[in-house]
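Below you'll find the structure, written out as structure tokens, and then a few comments.
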Amino acid sequence: MGPSLALIGCGAIAQNFYVPSLARHRSLFGPVWLVDPSSGPRSAAASAVAGTGCARIQDIDQAIDLAIIAAPNALHFPLAVDALTIGADVLLEKPFAVHPDQGRILVELARAKGRVLAVNQTRRFFPFAAELRDRIRDGQFGPLRSIVHHEGLKLVWPFESGAAFAPLAERTGAIMDFGVHVIDFYQFLLNPEWVFVSAIHDGFEGPEGLAEIELMASGAPVSIRLSRYCAQENIAHLVFDRAKVSFQVHGADGYDIAWRSGAREHSEPADGHGLSVADRVLLNIVAAAAGQEALVCSAESSLPVLDILDEIYRNARSYAATLGYV
């Protein structure tokens, strides 16, 4: 029998990402628990994945080998503490913690318990990501000179709980929603030394929908624009000494290289196994927990992302202040 599994949080991210993958790979697991305080999301998950519904992780009276935590951001830390404490390996939805000190506590607890702690940073699993990272680190393009990343679409995500828009919601806007994916992807590609330069956003009276962030990545300027209001260019441009690398930010089309010599190249590595990103995330933690492969996104490897996000939130100015209205 395979490992037992608890899916903790059965809302939109679970139903759109984890549940379809669990349904495809149900035979890999033993008992499955579908955990959510609301019966509707539990029932929706159970219609696709054979499992036992319950309201809380404390209601499970058997050992849990693997916990997938897909609850609202503010619950990631306490739920991960609960899961690690009872001896489960854990896959956390991003951001794996809201504050860096929480992230470090989780990493240390996982180490003390001898457990695997992974984060669902999907862009690390894009088919082209590992190849592009290796080419950058091999020095094929020369030193990095700059990054410009513009990303945004009108927000249409089918939220179940509305927790991200509650009056006291903390760090739930565009920066922590998909900005965390952006910065983590460059963390994966470059492993840089991050330095905060400036940030402005419109979320000082609620979750931000628009943000402009300026950072330095090991001395190279990084300019990021994020929007939940309307479509942006949705293309990233990385300028190196020898080439400019460009790619669609949602990862479907590989990447293009414009060499300084004038030559052009397109690279689109295929996923040889025909797996979805969700399948790759799920199978990676199962294999890592069994000691068969390394985690693609360990929580420890993403700690620098929490640090720079914290600096962004603590030091950002409002658009009104930037324009001199306040």
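Side notes on the structure shown:
- Listing of strands (runs of 3 or more DSSP E) fully contained in the stretch 189-236 that carry 2 or more residues being among the acidic types (Asp, Glu) and under 22 Å from Gln121 (Cα atoms): 210-217
- Whichever residue in the stretch 271-301 is under 27 Å from Pro100 (Cβ atoms) and among the polar types (S, T, N, Q) and, among such residues, is surrounded by the most Cβ atoms within 10 Å (Cβ to Cβ): Asn284
- Any hit, the stretch 84-92, residues being β-branched (Val, Ile, Thr), surrounded by fewer than 18 Cβ atoms within 10 Å (Cβ to Cβ) and more than 22 Å from Leu295 (Cβ to Cβ): no
- When the residues of the stretch 168-198 are filtered to those that are polar (S, T, N, Q) and on the phi < 0 side of the Ramachandran plot, the one that is modelled with the lowest pLDDT is Thr172.
- Whenever a residue of the stretch 67-83 is modelled with pLDDT under 95, its partners that are of a type in the set (Asp, Glu), lying with C-beta atoms within less than 7 angstrom and at least six residues away or across chains, give the pairs Ala74/Glu170.
- Just so you know, in the stretch 103-121 the residues that are assigned to a helix (DSSP H, G or I) and touching a residue at least 60 places away in the same chain (Cβ under 8 Å) include one that is farthest from Ile308 (Cα to Cα), and it is Ala110.
- Helices (runs of 4 or more DSSP H) within the stretch 9-92 that include 3 or more residues in contact with a helix residue (DSSP H, G or I) (Cβ under 8 Å, 6 or more places away or on another chain), under 13 Å from Leu282 (Cβ atoms) and not aliphatic (A, V, I, L, M): 19-24
The values are calculated or read from the model by the stated rules, or taken from the named source; none is laboratory data. Treat the numbers as computed from the prediction; the structure is a model and nothing was measured. Positions of Cβ are backbone-derived with ideal geometry, glycine not excepted, and every protein chain shown enters the neighbour counts.
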